[in-house]
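The values are calculated or read from the model by the stated rules, or taken from the named source; none is laboratory data. Keep in mind it's a predicted model, so treat the numbers as computed, not measured. Here the Cβ positions follow ideal geometry from the backbone for every residue, glycine too, while neighbour counts run over all protein chains shown. Surface areas here come from the heavy atoms of the whole protein model, side chains and all, with no ligands, DNA or RNA. Shrake-Rupley method; radii C 1.70, N 1.55, O 1.52, S 1.80 Å.
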Amino acid sequence: MKTRLTEMLGIRHPIVQGGMQWVGVAEMASAVSNAGGLGILTGLTQPTPEALQKEIDRCREMTDKPFGVNLTILPTIKPVPYEEYAQAIVDSGIKIVETAGRNPEPFLPLFKGAGITVIHKCTSIRHSLKAEKIGCDMVSVDGFECAGHPGEDDVTNLILLPLAARRLKIPFIASGGFGDGRGLAAALAMGADGINMGTRFMVTREAPIHENVKQAMVDASELDTTLIYRSLRNTARVFKNSIAEKVVEIEAQPGQTDFEDIRPLVLGAKGKELFEDGDLDRGIWSAGMVVGLIDDIPSCQELIERIVAEAEQIIKERLNQIASA
Ligand code: NAD
């Protein structure tokens, strides 16, 4: 498949593995890039900008294909030296950056000056148009189905993607709810130049997380995610475990939620431990509604090849037959 995404990034298949806290390390990103997609290292998963540079070097040893780095700018418990992370990305010679969260405008002169292709994750059309206006090269349009932060508008991809196709001039990637060939074919039909997957890549052999977590997502249905931090306007979609249910319960109490009341439950460090030791109620972890479509743990290569083959078959056979009947 050839789209503006594959052409601009020099990748074989129109499939991107988006930034994922604790998951986007060299093993994950290189497996996706080696399979012909775009792997992305998650900047803030590394404790320091120097550690990120080392991870970039490690990933280069594991793949000679293009890969990118995600820089997420959202509320954090400890302040993050974003400028230093951005500089480390540039100094490492990375050519593709996925920004997410707040407006990436302050970082664009640095990134664009270094010849970097910037993909900004947006959860609304107004943010997508703004990203285009300030000079981002592409946007990743994140529907309400997505894992992590879907924004506060609650608009699904069936509306967001056709709107993006009508209004944007720059290419866009469909993100949120994608995990199979039907999804890829539908995203291309709605005008996207490819798909972004996070949750689906967590349930692959190479994802650096405990088998219990992968199995829980295989067993889960589309009803097994929930929204937390709604009351703090920092909404996140996470797997519905006992900790997430506790957070929702605290937020439902009368009056404004104090982040301090939920902080011990949601610490990123606990999510990291959960991924390492497989204790499913240690903390929270991001998961999208697409868990309802996941029922196996393939390699990244098997997954990507299957999705592309399924999408091609749908386009060439089913859709072609319908159109030419
Ligand atoms: P952390 O340990 O600093 O914080 C834990 C969680 O609490 C995060 O979800 C964070 O957004 C939230 N949070 C922190 N301070 C807050 C406040 N004052 N008000 C409301 N919410 C607050 O974060 P981490 O888990 O190490 O993650 C690091 C960064 O990556 C954060 O910016 C986080 O939002 C982001 N992240 C994004 C996704 C995604 O799917 N887009 C998933 C995980 C983490």
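Tabulated data
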{"read-out": "Distance in nm between pseudo-label sites at K112 and R166 (7 Å out along the Cβ direction from Cα)", "value": "2.8 nm"}
{"read-out": "Region 23-106 - percent relative contact order, Cα under 8 Å, separation 6 or more", "value": "31 percent"}
{"read-out": "FRET E, pair S324, D261, Förster distance 51 Å, beta-carbon r, rounded to 0.05", "value": "0.25"}
{"read-out": "Quotient of Cα Rg and 2.2 N^0.38 Å for region 4-208, N being how many residues it contains", "value": "0.93"}
{"read-out": "Gaussian network model of the chain, Cα within-10 Å springs - most flexible of I77, I159, I243", "value": "I77"}
{"read-out": "5 angstrom amide H check on T117, placed H, neighbours 5+ away", "value": "I96, V97"}
{"read-out": "Share of carbon and sulfur in the accessible heavy-atom surface of the chain [1.4 Å probe, %]", "value": "52 percent"}
{"read-out": "Rounded accessible area per residue of region 182-281, 1.4 Å, Å²", "value": "45 Å²"}
{"read-out": "Length added when fully stretched, R233-I315, from 0.36 nm per residue minus Cα-Cα", "value": "25.6 nm"}
{"read-out": "Top of P75, P49, P66 by mean-square fluctuation, Gaussian network on the chain, Cα under 10 Å", "value": "P75"}
{"read-out": "Expected 222 nm ellipticity per residue - DSSP helices of 4 or more, -39500 (n - 2.57), all of the chain, to 500", "value": "-11500 deg cm²/dmol"}
{"read-out": "Extreme residue, positive dipole direction of region 4-208, given options Q17, I170, V97 (C-beta unit charges)", "value": "I170"}
{"read-out": "Estimated dipole of the chain in Debye, rounded to 20 [Cβ of Lys and Arg +1, of Asp and Glu -1, Cα centre]", "value": "1140 debye"}
{"read-out": "For region 234-244, Karplus couplings with θ = phi - 60° (6.51, -1.76, 1.60), whole Hz, Gly/Pro x", "value": "9, 3, 9, 8, 10, 5, 7, 10, 5, 5, 4"}
{"read-out": "Of G151, G135, L188, farthest towards positive along the dipole that unit charges on Lys, Arg, Asp, Glu beta carbons give region 101-198", "value": "G135"}
{"read-out": "Region 4-208, relative contact order [Cα under 8 Å, separation at least 6], %", "value": "19 percent"}
{"read-out": "Long-range HN-HN contacts of G288 with modeled amide H, under 5 Å", "value": "A147, T199"}
